[in-house]
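**Student:** Following this message is one structure expressed as structure tokens.
The values are calculated or read from the model by the stated rules, or taken from the named source; none is laboratory data. Values in this document were obtained by computation on a predicted structure and should not be read as measured data. Please note: Cβ atoms are built from the backbone with ideal geometry, for glycine as well, and neighbour counts cover all protein chains shown.
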């Protein structure tokens, strides 16, 4: 649960960094380089949550594949809320079906014991 909460925090910052400039008035009229630097600064906080999330999940038995699948589901969940609330975009049936498949992907990635152990180099 700690891993998922950290991933949610991480993805809130990531979504704001990547998509906030599409809607927030603060960015209007700013040069592209300024928007990039501001977005990069916001994205720094994404890493402050993402790195501990991955380390915690991995230390508690999640594989890299499992972490990535969970992260993608969290990313799209956070983005869906952002798109609906901030961008005022509707969730259409095809997006809903896509999210359902992502939830199924998380289930299949985490419900079964991994077949192979990590390869050591």
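**Student:** Only one of 28, 72 is out of contact with any strand residue (DSSP E or B) (no Cβ under 8 Å at 6 or more places or on another chain), under 17 Å from residue 9 (Cβ atoms) and surrounded by fewer than 17 Cβ atoms within 10 Å (Cβ to Cβ); which? Outline the logic, then answer.
**Tutor:** Numbers: 28 fails: under 17 Å from residue 9 (Cβ atoms).
That would be 72, the only listed residue that is out of contact with any strand residue (DSSP E or B) (no Cβ under 8 Å at 6 or more places or on another chain), under 17 Å from residue 9 (Cβ atoms) and surrounded by fewer than 17 Cβ atoms within 10 Å (Cβ to Cβ).
**Student:** Now for a separate question. When the residues of the stretch 81-110 are filtered to those that are in contact with a helix residue (DSSP H, G or I) (Cβ under 7 Å, 6 or more places away or on another chain) and under 23 Å from residue 6 (Cβ atoms), which remaining residue is modelled with the highest pLDDT?
**Tutor:** Restricting to residues being in contact with a helix residue (DSSP H, G or I) (Cβ under 7 Å, 6 or more places away or on another chain) and under 23 Å from residue 6 (Cβ atoms), the top hit is 82.
**Student:** Which of the residues belonging to the stretch 6-34 are out of contact with any helix residue (DSSP H, G or I) (no Cβ under 8 Å at 6 or more places or on another chain), assigned to a helix (DSSP H, G or I) and in contact (Cβ under 8 Å) with a residue 24 or more places away in the chain?
**Tutor:** Correct list: 22 only.
**Student:** When the stretch 59-84 is examined, which residues are found to be free of Cβ contacts under 8 Å to residues at least 12 places away in the same chain and more than 17 Å from the chain's Cα centre (by Cα)?
**Tutor:** Hits for the stretch 59-84 are 59, 61.
**Student:** Continuing with this model, one more query. Which condition number in (1) in a helix (DSSP H, G or I); (2) within 30 Å of residue 112 (Cα to Cα) is the one that residue 62 fails?
**Tutor:** (1)
**Student:** For the stretch 38-58, enumerate the residues that are touching a residue at least 40 places away in the same chain (Cβ under 8 Å) and more than 13 Å from the chain's Cα centre (by Cα).
**Tutor:** Once the filter is applied, which keeps residues that are touching a residue at least 40 places away in the same chain (Cβ under 8 Å) and more than 13 Å from the chain's Cα centre (by Cα), the stretch 38-58 yields 52, 56, 57.
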